[in-house]
Amino acid sequence: MFAHIDAYPGDPILSLNENFAQDPRQDKVNLTIGVCFDDEGRLPLMAAVREAEAALVADQGPRPYLPMAGIAGYRQAVQQLVFGENSPALAEGRVATIQTLGGSGALRVGADFLKRYFPEAQLWISDPSWDNHRVVFERAGFQVNSYPYYDDATGGLRFDAMIDALRQVPKRHVVLLHACCHNPTGVDLNEAQWREVIAVVKSRGLLPFVDMAYQGFGTGLQDDAFVIHELVREGVPCLVANSFSKNFSLYGERCGGLSVVCANAEEAGRVLGQLTGAVRANYSNPPTHGARIVGKVLTTPALRQSWEAELAAMRERIAAMRTAIHDNLQRVVGDADLSRYLAQRGMFTYTGLSAEQVDTLRTEHGVYLVRSGRMCVAGLNHGNVAVVAKAIAGVMSAKG
Ligand code: LMR
């Protein structure tokens, strides 16, 4: 019956992370998956999360099915965090938001919704983008195309080429944008560049789908959502996927949200209904535990303050690691241009290393990067950064 099933080639990020776990070497370093570790290399359990969870466990409430759209208080807290408390779109009741299984779940439900109501639309993603963007949308039946983004030569943005390409995208096609901390390159647009992109999106009648998986890891919670606030201000209908995996360090709880900004409250009601229908068709209704924690933290002032402070400390630690890897590399590779380590933002840096160099790093030094050359800077710490720099210098000089 299943003889025709071909082997799964694996996922470029998650499978590598599983291989890392199997590697018996004691001094191995995991710079693959987008997970934020502390300076001891441990996965943090945030203080606000611990406190909120203890209170929920003490409550020992029953576990009924949640509504298909998720917990009402959580959905409202998501809206305020993503769009800003004073967002006119929220005041007008024209944002439809559901609780989702992380950011990936939001992308998938959004893709199913779009495929049904925009059957002719194609998706446009940055070149490169997070590998799973293509996978999720192709599985939902989309043709996926790309627009220029990363400049290999400079480690920066090909902004003019990006704008030119977006000008050619047909009306009502979907354009995927990374709100902040671009995955995999760490290269973000500045505010003036976002305004230009939004002007093109608006004049061409394109539909932006903004993925915000790293809110709080760029500059700050609200600054990181600049493009979303600006889209709302410009009256551009859009979709937003957001995730609490990273900024709550709640990866396995699968907490996220999908929001659709509509023209008015009546339209938002219909859209919410169809998102709900897409959830029912996929997994019926979302799980309880993580969303209750996130909802409690976001809506309890003392917990919220503690969470924001700890998130700021995580952001600062990543920035410090960027400087540390830059300085360590400078010592060992001398004159190479390393400015990208400092200029790029968020968890990831595109190192410019080739797949073969990454393979050598893994096999000979136990240092794991994604084969695209993406390094998760948040996996560096004061104990491993010098070793990683030395290993990278080794593979760079072997090539030269
Ligand atoms: C990553 O890019 O490493 C993370 O977003 C984890 C994932 O699911 O790929």
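The values are calculated or read from the model by the stated rules, or taken from the named source; none is laboratory data. All of these numbers come straight from a predicted model, not from anything done at the bench. Cβ: placed from backbone, ideal geometry, glycine included. Neighbour counts: every protein chain shown.
Go through segment 219-245 residue by residue and tally those that are buried (at least 24 other Cβ atoms within 10 Å of the Cβ) and assigned to a loop (DSSP other than H, G, I, E, B).
Count: 1.
Quickly run through segment 331-364 and pick out the residues that are within 30 Å of residue 212 (Cβ to Cβ), polar (S, T, N, Q) and buried (at least 17 other Cβ atoms within 10 Å of the Cβ).
344, 349, 351
Select from segment 86-108 the residues that are assigned to a helix (DSSP H, G or I) and touching a helix residue (DSSP H, G or I) at 6+ places or on another chain (Cβ under 6 Å) and list them in ascending order. Before the answer, list the steps.
Taking segment 86-108 as the starting set, the residues that turn out to be assigned to a helix (DSSP H, G or I) are 88-91, 102-108.
89, 90, 107, 108, listed by residue number.
Name the helices (runs of 4 or more DSSP H) wholly inside segment 1-85 in which the number of residues that are outside the structural domain of residue 374 (by the TED database), touching a strand residue (DSSP E or B) at 6+ places or on another chain (Cβ under 9 Å) and not β-branched (Val, Ile, Thr) is 2 or more.
Numbers: elements: 14-22, 47-59, 72-83.
Of the helices (runs of 4 or more DSSP H) lying wholly inside segment 1-85, those with at least 2 residues that are outside the structural domain of residue 374 (by the TED database), touching a strand residue (DSSP E or B) at 6+ places or on another chain (Cβ under 9 Å) and not β-branched (Val, Ile, Thr) span 72-83.
Select from segment 109-165 the residues that are hydrophobic (A, V, I, L, M, F, W, C), more than 16 Å from the ligand (Cβ to nearest atom) and in a loop (DSSP other than H, G, I, E, B) and list them in ascending order.
The answer is 118, 121, 140, 142, 153.
Scan segment 10-24 and give yes if some residue there is at pLDDT 95 or above, away from the ligand (no atom under 16 Å from the Cβ) and surrounded by 12 or more Cβ atoms within 10 Å (Cβ to Cβ), otherwise no.
Yes.
Which members of segment 25-49 meet the condition of being exposed (fewer than 13 other Cβ atoms within 10 Å of the Cβ) and either closer than 14 Å to residue 290 by Cβ or among the small types (Gly, Ala, Ser) (or both)?
45 - this is the single residue of segment 25-49 that is exposed (fewer than 13 other Cβ atoms within 10 Å of the Cβ) and either closer than 14 Å to residue 290 by Cβ or among the small types (Gly, Ala, Ser) (or both).
Just one of (1) part of a loop (DSSP other than H, G, I, E, B); (2) more than 24 Å from residue 74 (Cβ to Cβ) trips up residue 192, so point out which.
(1)
Among 210, 187, 175, 201, which is closer than 21 Å to residue 237 by Cβ and touching a residue at least 40 places away in the same chain (Cβ under 8 Å)? Before the answer, list the steps.
Numbers: 210 fails: touching a residue at least 40 places away in the same chain (Cβ under 8 Å); 187 fails: closer than 21 Å to residue 237 by Cβ; 201 fails: touching a residue at least 40 places away in the same chain (Cβ under 8 Å).
From the options 210, 187, 175, 201, the qualifying one is 175.
Do you know which of the residues in segment 276-296 that are of a type in the set (A, V, I, L, M) and surrounded by 24 or more Cβ atoms within 10 Å (Cβ to Cβ) is nearest to residue 238 (Cα to Cα)?
279
For a quick check of your reading of the model, give me the residue pairs whose first member lies in segment 52-67 and is on the phi < 0 side of the Ramachandran plot, whose second is part of a helix (DSSP H, G or I), with beta-carbon atoms closer than 6 Å and at least 6 apart or on different chains.
The qualifying pairs are 52/293; 52/296; 52/297; 52/303; 53/293; 56/292.
When only residues in segment 85-113 that are among the aliphatic types (A, V, I, L, M) and under 26 Å from residue 188 (Cα atoms) count, which is surrounded by the fewest Cβ atoms within 10 Å (Cβ to Cβ)?
Here is the first cut: in segment 85-113, the residues among the aliphatic types (A, V, I, L, M) are 89-91, 95-96, 98, 101, 106-107, 109, 111.
So of that shortlist, the ones also under 26 Å from residue 188 (Cα atoms) come out as 89, 95, 101, 106-107, 109, 111.
Working: 89: 22, 95: 25, 101: 20, 106: 29, 107: 27, 109: 26, 111: 24.
Ranking the candidates gives 101 first.
Within segment 25-40, track down each residue that is within 21 Å of the chain's Cα centre (by Cα) and either away from the ligand (no atom under 16 Å from the Cβ) or without any contact (Cβ under 8 Å) to a residue 60 or more places away in the chain (or both). Show your work before the answer.
Within segment 25-40, the subset within 21 Å of the chain's Cα centre (by Cα) is 30-38.
38 - this is the single residue of segment 25-40 that is within 21 Å of the chain's Cα centre (by Cα) and either away from the ligand (no atom under 16 Å from the Cβ) or without any contact (Cβ under 8 Å) to a residue 60 or more places away in the chain (or both).
Looking at (1) away from the ligand (no atom under 16 Å from the Cβ); (2) farther than 16 Å from residue 83 by Cα, which one does residue 221 not meet, given that it meets all the others?
Unmet condition: (2).
Could you run through segment 276-299 and say how many residues are assigned to a helix (DSSP H, G or I), out of contact with any Phe, Trp or Tyr (no Cβ under 6 Å at 6 or more places or on another chain) and not basic (Lys, Arg)? Spell out the reasoning first.
Of the residues in segment 276-299, the ones assigned to a helix (DSSP H, G or I) are 276-282, 289-299.
Adding the requirement that they be out of contact with any Phe, Trp or Tyr (no Cβ under 6 Å at 6 or more places or on another chain) leaves 276-277, 279-282, 289-290, 292-293, 296, 298-299.
Checking which are not basic (Lys, Arg) leaves us with 276-277, 279, 281-282, 289-290, 293, 298-299.
Total satisfying the criteria: 10.
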